[in-house]
Amino acid sequence: MLGLQLPSDPRWVNLAEKSLEDILTDHAYCEQKATSACISLIQQYPGKHELLEKVSPVVSEEWSHFRMVLAELEKRGLKLGHQRKDRYVEQLQKIRKKDGSAEESLIDKLLMCALIEARSCERFRLLSEALNDDSLKKFYRKFMVSEAGHYRMFIDLAMTYAQEMDVKSRWKWWLNQEAEIMKTLEIRGDLIH
């Protein structure tokens, strides 16, 4: 469904489970960054009615996810750690189209958001299936479903503002580039992406 060209290494879950504080901390910051990314889209494209209509509720949802992760940390007697460098998103930002028309830039931003949501969805699925803690399995199952919806929303928005064939072609490019990025990143259990 997600189209990811390279699945996450299955060892990732084992590393993540060894340090729940790290994975929950990273998850909290990912939700915070997702909130900021949605706010940024609204600020940059206030005249795009469909974008405003679809992305505005996601701001609230992503922020509520941040609060849910904070509550999970507290419930477990864990602390929110420091934000770590997100090498995955950093690499995606480097390849995002920055020249060309405003419409092309918008499409690339939407597709990059879709890709981040797709990778998060995949990682949450892995956590929901492989963790030994049943409570955390259910916790991450809910996030997986939510991320799948966000992924789909960003793809649909891209198709609202560009020809379907152009979006599909650019999406395929993004998927191939992301697979190459994934090959270069070391496996760390503290990163959702």
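The values are calculated or read from the model by the stated rules, or taken from the named source; none is laboratory data. Just so you know, these numbers come straight off a predicted model, no measurement behind them. FYI the Cβ positions are ideal-geometry reconstructions off the backbone, even for glycines, and counts take in every protein chain you see.
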(1) surrounded by fewer than 17 Cβ atoms within 10 Å (Cβ to Cβ); (2) touching a Leu at 6+ places or on another chain (Cβ under 9 Å); (3) among the small types (Gly, Ala, Ser) all hold for SER169 apart from (2)
When SER146 is run through (1) among the polar types (S, T, N, Q); (2) modelled with pLDDT of 95 or more; (3) surrounded by fewer than 16 Cβ atoms within 10 Å (Cβ to Cβ); (4) within 27 Å of ILE42 (Cα to Cα), the failure sits at (3)
Those residues that are aliphatic (A, V, I, L, M), in contact (Cβ under 8 Å) with a residue 24 or more places away in the chain and assigned to a helix (DSSP H, G or I), I need them from region 148-193; list them, please.
ALA148, MET153, ILE155, LEU157, ALA158, VAL167, LEU175, ALA179, ILE181, MET182
For region 130-147, name all the residues that are assigned to a helix (DSSP H, G or I), more than 11 Å from the chain's Cα centre (by Cα) and either touching a residue at least 12 places away in the same chain (Cβ under 8 Å) or closer than 16 Å to ALA34 by Cα (or both).
ALA130, LEU136, PHE139, TYR140, ARG141, VAL145
GLU62 - would you say it is buried (at least 19 other Cβ atoms within 10 Å of the Cβ), part of a helix (DSSP H, G or I), in contact with a Ser or Thr (Cβ under 6 Å, 6 or more places away or on another chain) and not basic (Lys, Arg)?
yes
Which residues, taken from region 81-116, are under 15 Å from the mean Cα position of the chain (by Cα) and either under 12 Å from GLU178 (Cβ atoms) or polar (S, T, N, Q) (or both)?
TYR88, VAL89, GLN91, LEU92, GLN93, LEU111, MET112, ALA114, LEU115, ILE116
Exclusive hit being more than 19 Å from VAL13 (Cβ to Cβ) and either of a type in the set (Phe, Trp, Tyr) or in contact with a Ser or Thr (Cβ under 8 Å, 6 or more places away or on another chain) (or both), set LYS137, LYS97:
LYS97
Which of the residues spanning region 64-89 are of a type in the set (Asp, Glu) and in contact (Cβ under 8 Å) with a residue 60 or more places away in the chain?
GLU72, ASP86
For region 17-44, which residues satisfy the criterion of being touching a residue at least 24 places away in the same chain (Cβ under 8 Å), of a type in the set (Gly, Ala, Ser) and under 29 Å from PRO57 (Cβ atoms)?
ALA28, ALA34, ALA37
